[in-house]
Each structure stands twice: as C-alpha cells, then as structure tokens.
1. Would you tell me the accessible area of Glu62, worked out with a 1.4 angstrom probe on the heavy atoms of the protein chains, in Å² to the nearest 10?
2. Remind me, relative contact order of segment 18-64 in percent, using alpha carbon pairs under 8 angstrom and six or more residues apart?
Amino acid sequence: MVMQCFKYNQHFVAMMNIINLAKIQNVNGKFEKHHIIPRCWYKINNIAVDNSSANLVNLTKEQH
C-alpha cells in the first residue's frame, strides 16, 4: 500500500486524525475535496494520481 511509504511522525498522525474525523462527521457547510495521499507524491514518483473516493476526503476550510 502506498501509505506505507509515508513516515509516521507527529505531523502524519495529526493529518490522519483530521482525515478520519472528517470522514465520520456530517457537518453542513462548504467543503473542499482533499487528496489523502497528495497529488505531488504521485507526480514525483511518476505514478498516475489516485482520484478515487478512497483517496479523497471532504474537509472544511478550517480542517484543510
């Protein structure tokens, strides 16, 4: 899995906490689609960007 290549540190854990919370929240308002694994990572590694629902999460402006 691609996620295994990311370094597990305090920033990664904080990011995943925000993403996991956003997945279960049902909040009204404006959202931005956010790639869980950043598009730049795919481009750097010459891999097609994953735009599937498994790699996208809706974040509020504050969460993003």
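The values are calculated or read from the model by the stated rules, or taken from the named source; none is laboratory data. Source: prediction; values computed, not measured. Remember, those area values only see protein heavy atoms, side chains included, never the ligands or the DNA or RNA. Shrake-Rupley method; radii C 1.70, N 1.55, O 1.52, S 1.80 Å.
1. 150
2. Working: 44 pairs, mean separation 24.8, N = 47.
Over segment 18-64, the number comes to 53 percent.
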